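The values are calculated or read from the model by the stated rules, or taken from the named source; none is laboratory data. Everything quoted here is computed from the prediction, not taken from an experiment. Ideal geometry is used to build each Cβ from the backbone, glycine not excepted, and the neighbour counts take in all protein chains shown. Accessible surface areas use protein heavy atoms only, side chains included; no ligands, DNA or RNA. Shrake-Rupley method; radii C 1.70, N 1.55, O 1.52, S 1.80 Å.
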Amino acid sequence: MLKIDRGKKAFNRLETPKLADISILEVYLQEYICNSPDAFFEEIGQALFLIAKEIQPSDDVEDRIDLLAMDKKGQAVIMELKRGNNKLQMFQAISYAGMVAKWLPDDFLGCLDADKQEKLLDFLEVEEKEEINQHQRIILIAEAFDYSVLVGADWLTEKFGVNILCCRLSIAKDAAGNAEFLVCSNIFPAPELAQQAVRRGRGRTGVGQWPNWDAALADVTNAALVAFFKKELTAGQDDYLPKRSLRYRIAGKRRWSIEARRQRAYVWQHGRFDGDVDFWRSGLSQPDQVKPVKDDRCLSFSVTTEADISFFRLGATDKLTNVKWTKESSGDEAEAEVDGQEDA
């Protein structure tokens, strides 16, 4: 890393000591990441939610995972830290991933307090809790990587589809100000290849099929619905593009989701309050579609006309903001199901 000297119009090379030379141990790296996970994950180009550190992956072993995280798709992310270069880093991570693969969604939630559980469920883009941990990923973080580790990562990725990221760390030190900088470089897969892989992956899955909201609403034929979504998006309403839905919250908790289809929108109410069926049926053009679902913990219904849409918004943003919720959703419900109906 070079320091810019504007006065001399020149570069000065910063010192690049080893982690051992400045007494940064693996446990210190772990602690730094835990104290500032968002900053570190953003630096390595990952959107992750930190679950725990030093977590035991199985009762059958005493080993512990350095860091366990989760990405927005609900994939468990096993992170192994090494100061220097260690050939066994890959083996450890693979064995931990195999153990974590047996975890149930509640095993992850059990590592968090109630507040962090709620934050994790909001962070995730999966629509059902049971979609958590369907796949596992590995992130190896080290000062250097043995050739055999990189070859193994390439083989596992290419032949078996294992998602592996190798991130190299280095330190830069400014002797003049005694400041220290952490430099993170993702060396496998190459950033350009990783971007291509993401684009190809999106083409194979339903998630992320729309690049933006204009494209998402292009095939919606209900003009009132399109106008409503555009107005709400402009106003900054919470949205979830992969499901083409808007989300309405009360006191930070999601209470309604409205998902656009071609001719109508489906609404999912998370939780119940006294008289909710009668309330919604009183103002909708299709009252018979207001039905309790998911073991009576939620409601679902559709809105079609401009009057339906206005009635829904008035309820979600005004009339129902102070109701007492008598039943809570469990956090694992799929949104916007109305008797399995789909618009043609």
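Quick notes on this one:
- Residues of region 157-190 classified as charged (D, E, K, R), open to solvent by less than 60 Å² (accessible area, probe 1.4 Å) and in contact with a Ser or Thr (Cβ under 9 Å, 6 or more places away or on another chain), total: 1
- Selection of region 1-41 for residues being among the aromatic types (Phe, Trp, Tyr) and not in a strand (DSSP E or B) yields Tyr28, Tyr32, Phe40, Phe41.
- Scanning region 227-252 for residues that are polar (S, T, N, Q) and open to solvent by less than 10 Å² (accessible area, probe 1.4 Å) gives a single hit, Ser245.
- Looking across region 253-279 at every residue that is out of contact with any Phe, Trp or Tyr (no Cβ under 8 Å at 6 or more places or on another chain), assigned to a loop (DSSP other than H, G, I, E, B) and without any contact (Cβ under 8 Å) to a residue 60 or more places away in the chain, the one that is most open to solvent (accessible area, probe 1.4 Å) is identified as Asp274.
- Any hit, region 52-61, residues being open to solvent by 30 Å² or more (accessible area, probe 1.4 Å) and in contact with a helix residue (DSSP H, G or I) (Cβ under 6 Å, 6 or more places away or on another chain): yes
- Scope region 108-156; condition exposed (fewer than 14 other Cβ atoms within 10 Å of the Cβ), free of Cβ contacts under 8 Å to residues at least 60 places away in the same chain and in a helix (DSSP H, G or I); matching residues: Ala114, Asp115, Tyr147, Val151, Trp155
- Residue in region 61-68 that is over 30 Å from Ser257 (Cα atoms), of a type in the set (Asp, Glu) and modelled with pLDDT of 95 or more present: yes
- Lys129, sole failed condition from (1) modelled with pLDDT of 90 or more; (2) touching a Pro at 6+ places or on another chain (Cβ under 6 Å): (1)
- Unique residue being over 22 Å from the mean Cα position of the chain (by Cα) and either open to solvent by less than 20 Å² (accessible area, probe 1.4 Å) or small (Gly, Ala, Ser) (or both) when the list is Leu19, Leu25: Leu19
- Among the residues of region 231-285, those that are under 18 Å from Asp296 (Cα atoms) and of a type in the set (D, E, K, R) comprise Arg254, Arg255, Arg272, Asp274, Asp276, Asp278, Arg281.
- Failed item in (1) touching a Leu at 6+ places or on another chain (Cβ under 7 Å); (2) over 30 Å from Ala176 (Cα atoms), with Asp106 passing the rest: (1)
- If the condition is being assigned to a helix (DSSP H, G or I) and open to solvent by less than 10 Å² (accessible area, probe 1.4 Å), then region 64-97 contributes Gln89, Ala93, Tyr96.
- Matching residues in region 228-267 - criterion: being closer than 15 Å to Glu306 by Cα, of a type in the set (Phe, Trp, Tyr) and touching a helix residue (DSSP H, G or I) at 6+ places or on another chain (Cβ under 7 Å): Phe228, Phe229
- Among residues of region 291-322, those that are exposed (fewer than 14 other Cβ atoms within 10 Å of the Cβ) and in a helix (DSSP H, G or I), counted: 4
- Residue tally, condition in a strand (DSSP E or B) and either open to solvent by 60 Å² or more (accessible area, probe 1.4 Å) or touching an Asp or Glu at 6+ places or on another chain (Cβ under 6 Å) (or both), over region 42-51: 1
- Selection status of Asp38, open to solvent by 70 Å² or more (accessible area, probe 1.4 Å), within 19 Å of Gln136 (Cβ to Cβ) and at pLDDT 90 or above: no
- Counted residues, region 157-180 - those being in a strand (DSSP E or B), farther than 24 Å from Lys102 by Cβ and not hydrophobic (A, V, I, L, M, F, W, C): 5
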